[in-house]
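Below is one structure, written out as structure tokens; the observations come after it.
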Amino acid sequence: MSVRVGKASKVFSPGSPNEKTALRDVDFTLEDGEFAVVIGSNGAGKSTLLNALAGEVPIDSGEILIDGRDVRNQPVYKRARLISRVFQDPMLGTAPELSIEENLAVAARRGKRKTFRLGLNRRNREYFRERISVLGLGLENRLSEKVRSLSGGQRQSLTLIMAGLRAPRLMLLDEHTSALDPRAAELVLGLTSEVVAGDAITTLMVTHNMQHALRFGSRLFMMHEGGIVLDAAAEEKAGLTVNDLVGRFHVTDDKMLLG
């Protein structure tokens, strides 16, 4: 059981003056439950990789396999049964006019037949209360409140719980703490580790923060000009420092944060 990206390549606007190679023979396998972090400067291919996995961007060549199944030609809505995603903007992952419990109910039905009923009942509410109580934010006592009333950190924490609710085969975290203040970011990153480890969810997390990249996850990818220039497994990753990463290539992007 694994996620396989095999020699994946993507070129935007081929043959034009704006031609851009976004992915260049990207090749890796994530084993079941593996938590990998991706770093790289702007334009390195990080977002294109996540979009290719999610089905937002078709690759030109190569393969994308989930548990041995070729998903390359599957549209986004079909891949949503296997893949969940948390975006940079906390506003994107939830419906502000729905309550906390209604958002959780929608997430619980991801990949199921669409109906107008959310299936909220006493049993479901108790399950949602149990799942959200791990946040330590007291949201389990506010299930009927509209999500619009939550802070950015609270919303992103809720989004993370929602993303892991149906135990996806792959979770994509797209700079999911970069829009938060440092305290909220630490809360969400700690929760990320708990959710990933607790449910053994195979995870790919993109970040610009190299210290976060070294602290979290069991594997580290560095991308540059569309390719993976470093693939550090757990033992090698544990011995790396920020200076080691900077030394791998000249970082000119001021968004590549050291701390």
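Read-outs: derived from the displayed coordinates by stated rules, not from any lab. Just so it is clear, the model here is predicted, and its values are computed rather than measured. Positions of Cβ are backbone-derived with ideal geometry, glycine not excepted, and every protein chain shown enters the neighbour counts.
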* To do: For the range 123-135, indicate whether the set of residues that are surrounded by 14 or more Cβ atoms within 10 Å (Cβ to Cβ) and in contact (Cβ under 8 Å) with a residue 60 or more places away in the chain is non-empty.
  => yes
* Among (1) more than 19 Å from Phe35 (Cα to Cα); (2) crowded, with 20+ Cβ neighbours inside 10 Å, where does Gly227 come up short? -> (2)
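Tell me, which residue of the range 136-175 that is part of a loop (DSSP other than H, G, I, E, B) and hydrophobic (A, V, I, L, M, F, W, C) is surrounded by the fewest Cβ atoms within 10 Å (Cβ to Cβ)? Break it down stepwise before answering.
Within the range 136-175, the first condition is being part of a loop (DSSP other than H, G, I, E, B), and the residues that meet it are 136-138, 142-145, 150-151, 164-169, 175.
Still in the list and also hydrophobic (A, V, I, L, M, F, W, C): 137, 143, 150, 165, 167.
Details: Leu137: 18, Leu143: 17, Leu150: 20, Leu165: 21, Ala167: 10.
So, considering only residues that are part of a loop (DSSP other than H, G, I, E, B) and hydrophobic (A, V, I, L, M, F, W, C), the one surrounded by the fewest Cβ atoms within 10 Å (Cβ to Cβ) is Ala167.
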* To do: State all residues of the range 3-48 that are surrounded by fewer than 22 Cβ atoms within 10 Å (Cβ to Cβ) and on the phi > 0 side of the Ramachandran plot; if no residue qualifies, say none.
  => Lys7, Ser13, Gly15, Asp25, Gly33, Gly43
* Residue ID - nearest to Ala8 (Cα to Cα), chosen from residues in the range 62-81 that are of a type outside the set (A, V, I, L, M, F, W, C), touching a residue at least 24 places away in the same chain (Cβ under 8 Å) and assigned to a strand (DSSP E or B) -> Gly62
